[in-house]
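Written out below as structure tokens is the structure these notes cover.
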Amino acid sequence: MYDTLFLTRDDAGEPKEIVGYWIDITDLVESKGVHEAIFKYAVDGAILIDESSLIKSFSPAAEKLFGYTEKEVFGKNISMLMPQPFQEEHDGYVKRYLDTGKGRIIGVGPREVSALKKDGSVIPIDLVISEAIVGTERLFLGIVRDISERKQAHDDLLNIANYDQLTGLPNRTLFHERLRHAIARSERNETLIALFYIDLDRFKQINDSLGHDAGDQLLRLTAERLQSNTRKSDTVARLSGDEFAVILEDVDHISIVTKVAQKIVESLSRSATLNGREIHPGASIGVTLYPMDDKLPEDLMKDADMAMYRAKEMGGSQFQYYSQQLGASVQHRIELEFDLRSAIKKEEFVLHFQPQAELLNGRIIGAEALLRWNHPKLGLVSPATFVPVLEEMGLITDVGNWVLRESCRHLRAWRRLGFDHLKVSVNVSPKQFKSWEFLGTVQNVIRETGVPPNCIELEITESLVMDDPENAVYLLKSLHELGVEISIDDFGTGYSSLSNLKSLPFDTLKIDRAFIKELPDDTDSATICRTIIALADALNLKTVAEGVEKLTQLKFLKRNGCNSIQGFYFSKPTTHQEFEKLLLEGKCLSVSDRHGDIIEVE
Ligand code: C2E
Ligand code: CA
Ligand code: CA
């Protein structure tokens, strides 16, 4: 049965009536003449199969399409005309249709599927399958059409829409799509991408003097040179005229970007022979980085374009980073941030320990843990350079927590050697202190390492308390309840109020190096130091003098009742092995100078 229904509308487009007609085609299928005519002359191939998928009829057009004769396929399973992956699926589809009456292809409009030809090639075809009951037998009629050409045309169109016909490179449209994807990937994987905007120098001149043909040759040569200096996974595109762009993905280190940019500049400046004339091309390149520079693709392109113009202004045949517009220091900063990010992963941080010695009897009472960055190229980098950067990057909490854990691990080792009286002092950055997890981290570290809380001293700065007094007070009190000691670092440089000093649970004041430096001759410094020591005494706080380099300073401090000192005079910050050695050797603060001038020891 063949049925058709359609809706008719009046002049205004309103539905008017439904017209339908039904044609009984049993006769048609059964009538051999018509059947044969359709099979023989139809342009599309026709294949008749039975319920077991065995081929019953194979039209001449089908023979032409598949390369088999009807004889060769008769009685065979239709799956022989399908490429491997579809063969099993097919049996499932047929079974499902027979069981449920529901089909994916059967009774549905044309579907694009793949067909396997006799010569082994696979081609795309359109397939329509309908069911026909002939007598008591249920048959399926498949109409097939070779759509290779149509598909090719479609692909060609896509190609034209996405690729530059002269160089074969992705064009601007595809480039933007790739850039969007690259940015998404970079966000997901936290990797760096670099975008190069490349403009040939003096292209118009070459084009005008040597002709368009030579210009085209140069563009093709440029495309080749760009490709040979980048990886397969990078995108090289021609945006328009003599403008090209490159996306470098998954960059491990910013120095790689610089290296590739250098290589490209060099390669694009190499002389070439066009139309028998030697020319000396060149290119100006602007470089932007994601995620360091702007965040939107359009802005990245703008930034790179701007940088490219600067490269041009500076004489061409060179590259410029967008960020360099803000000065070389920014460039340096970008590199620093990049290196710091990987420093954590690569375990490039180490701790050094600077001993603190008691003035009363000269023995070592503890050590301050000082962070060091063992940079693969620069060597040991000072924390004064990178701690502020870690703070701005929001990484100080991770690193700071590592410092605390590592310090306590070392303390535990020293305690095992019998040095039970030692304290370890750990610097806590304001950001780290303010993070909600800080208290929990301290508790965890104490539990994990098993060191007594009163052997841990946290060094905080005055400004930390002043910035957010309410929160600081709560946290300081909680830490104190744990038994952890608190010292005020760089004391005298901030603006602690006396009431804070009195009401908060501090244990130690560390007198800033600035006041120790000019001791004992500078009277202001001497007065300040005496005052701080007296103040600490009155508030029942201990004092540590920082940055003691000379015996004269030491004498002054001792005479004025300072409790302990830390400084190059006694020891520079050292590795934990060196520090352990000092402990085992029983090193004490020397109480006499080279001239035998004895410092009184009570
Ligand atoms: P700070 O806490 O005031 O540390 C004392 C600094 O003075 C250290 O510098 C130490 O090497 C230096 N020093 C000690 N004795 C002398 C001396 O006799 N003469 C001179 N000229 N200098 C002396 P360093 O190690 O470069 O640390 C600089 C700063 O970096 C530290 O100042 C501290 O604020 C910060 N820092 C170091 N480690 C960490 C850490 O683990 N976390 C945090 N948040 N900051 C840290
Ligand atoms: Ca400190
Ligand atoms: Ca200090």
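State yes or no: is Glu266 open to solvent by 30 Å² or more (accessible area, probe 1.4 Å), modelled with pLDDT under 90 and of a type in the set (Asp, Glu)? Reasoning before the result, please.
Numbers: open to solvent by 30 Å² or more (accessible area, probe 1.4 Å): yes; modelled with pLDDT under 90: no; of a type in the set (Asp, Glu): yes.
Judged against the criteria, Glu266 is not a match.
Over 19 Å from His576 (Cβ atoms), in contact with a Ser or Thr (Cβ under 7 Å, 6 or more places away or on another chain), open to solvent by 30 Å² or more (accessible area, probe 1.4 Å) and charged (D, E, K, R), is that true of Glu335?
Judged against the criteria, Glu335 is not a match.
Could you tell me which residue of the stretch 557-590 is nearest to ligand 3 (Cβ to nearest atom), considering only residues that are aromatic (Phe, Trp, Tyr) and out of contact with any helix residue (DSSP H, G or I) (no Cβ under 7 Å at 6 or more places or on another chain)?
Of everything passing the filter in the stretch 557-590, Phe568 is nearest to ligand 3 (Cβ to nearest atom).
For (1) among the β-branched types (Val, Ile, Thr); (2) more than 16 Å from ligand 1 (Cβ to nearest atom); (3) closer than 23 Å to Val403 by Cα, each residue gets a yes or a no:
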{"site": "Arg447", "(1), (2), (3)": "no, yes, yes"}
{"site": "Ile456", "(1), (2), (3)": "yes, no, yes"}
{"site": "Ile488", "(1), (2), (3)": "yes, no, yes"}
{"site": "Gly494", "(1), (2), (3)": "no, no, no"}
{"site": "Lys510", "(1), (2), (3)": "no, no, yes"}
{"site": "Glu518", "(1), (2), (3)": "no, no, no"}
{"site": "Asp521", "(1), (2), (3)": "no, yes, no"}
{"site": "Ala526", "(1), (2), (3)": "no, yes, no"}
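I'd like the full set of residues that are surrounded by 14 or more Cβ atoms within 10 Å (Cβ to Cβ), in contact (Cβ under 8 Å) with a residue 40 or more places away in the chain and over 15 Å from Glu485 (Cα atoms), limited to the stretch 446-469.
Once the filter is applied, which keeps residues that are surrounded by 14 or more Cβ atoms within 10 Å (Cβ to Cβ), in contact (Cβ under 8 Å) with a residue 40 or more places away in the chain and over 15 Å from Glu485 (Cα atoms), the stretch 446-469 yields only Thr449.
May I ask you to list pairs of residues, at least six apart or on different chains, whose Cβ atoms are under 6 Å apart, with the first in the stretch 184-202 being at pLDDT below 90 and the second being open to solvent by 40 Å² or more (accessible area, probe 1.4 Å)?
Thr191/Asp250
Please work out which residue is surrounded by the most Cβ atoms within 10 Å (Cβ to Cβ), limiting yourself to the stretch 542-562 and to residues that are in a loop (DSSP other than H, G, I, E, B) and within 16 Å of ligand 2 (Cβ to nearest atom).
Ranking the candidates gives Val548 first.
Pick out the one residue from Leu296, Leu370 that is open to solvent by 20 Å² or more (accessible area, probe 1.4 Å) and in contact with a Pro (Cβ under 7 Å, 6 or more places away or on another chain).
Leu370
Within the stretch 517-525, is there a residue that is in the same structural domain as Leu371 (by TED's automatic domain parsing), within 15 Å of ligand 2 (Cβ to nearest atom) and surrounded by 15 or more Cβ atoms within 10 Å (Cβ to Cβ)?
Within the stretch 517-525 (the criterion being in the same structural domain as Leu371 (by TED's automatic domain parsing), within 15 Å of ligand 2 (Cβ to nearest atom) and surrounded by 15 or more Cβ atoms within 10 Å (Cβ to Cβ)), the answer is no, since none of the residues qualifies.
Going by the structure shown, is Lys377 farther than 30 Å from Tyr197 by Cα and either of a type in the set (Phe, Trp, Tyr) or modelled with pLDDT under 85 (or both)?
On the way: farther than 30 Å from Tyr197 by Cα: no; either of a type in the set (Phe, Trp, Tyr) or modelled with pLDDT under 85 (or both): yes.
No.
Just to be sure I understand the filter: pairs with C-beta atoms under 8 Å, separated by 6 or more residues or on different chains, first member in the stretch 219-230 and under 12 Å from Asp242 (Cα atoms), second member crowded, with 20+ Cβ neighbours inside 10 Å and among the basic types (Lys, Arg). Which pairs pass?
Close Cβ pairs (under 8 Å, with a partner that is crowded, with 20+ Cβ neighbours inside 10 Å and among the basic types (Lys, Arg)) amount to Leu219/Arg238; Ala223/Arg238.
For residues that are more than 13 Å from ligand 3 (Cβ to nearest atom) and modelled with pLDDT of 90 or more, tally how many sit in the stretch 475-504.
Residues flagged as more than 13 Å from ligand 3 (Cβ to nearest atom) and modelled with pLDDT of 90 or more within the stretch 475-504 amount to 12.
Scan the stretch 460-474 for residues that are among the small types (Gly, Ala, Ser) and within 16 Å of ligand 3 (Cβ to nearest atom) and jot them down.
Ser463
For the stretch 419-433, give me the residue count where each residue is within 14 Å of ligand 3 (Cβ to nearest atom) and among the hydrophobic types (A, V, I, L, M, F, W, C).
The qualifying residues number 2.
Sort out which residues of the stretch 350-365 are open to solvent by less than 20 Å² (accessible area, probe 1.4 Å) and either touching a helix residue (DSSP H, G or I) at 6+ places or on another chain (Cβ under 6 Å) or within 14 Å of ligand 1 (Cβ to nearest atom) (or both), and write them in order of number.
From the stretch 350-365, those open to solvent by less than 20 Å² (accessible area, probe 1.4 Å) are 351, 353-357, 359, 362, 364; that's our starting set.
Result: Leu351, Phe353, Gln354, Pro355, Gln356, Ala357, Leu359.
Within the stretch 489-505, which residues are under 19 Å from Cys455 (Cβ atoms) and within 14 Å of ligand 2 (Cβ to nearest atom)? Show your work before the answer.
Kept after step one, since they are under 19 Å from Cys455 (Cβ atoms), are these residues of the stretch 489-505: 489, 505.
Selection gives Asp489 alone.
Of the residues Val445, Val465, only one is within 16 Å of ligand 2 (Cβ to nearest atom) and out of contact with any Pro (no Cβ under 7 Å at 6 or more places or on another chain); which?
Val465
Inspect the stretch 187-194 for any residue being over 18 Å from Leu300 (Cβ atoms) and crowded, with 18+ Cβ neighbours inside 10 Å and give the result as yes or no.
No, every residue in the stretch 187-194 fails to be over 18 Å from Leu300 (Cβ atoms) and crowded, with 18+ Cβ neighbours inside 10 Å.
The values are calculated or read from the model by the stated rules, or taken from the named source; none is laboratory data. Worth saying up front: this structure is predicted, and the values here are computed from it rather than measured. Don't worry about glycine lacking a Cβ; one is built from the backbone with ideal geometry, like all the others, and counts go over all protein chains shown. Keep in mind that these areas ignore ligands, DNA and RNA; they rest on the heavy atoms of the full protein, side chains included. Shrake-Rupley method; radii C 1.70, N 1.55, O 1.52, S 1.80 Å.
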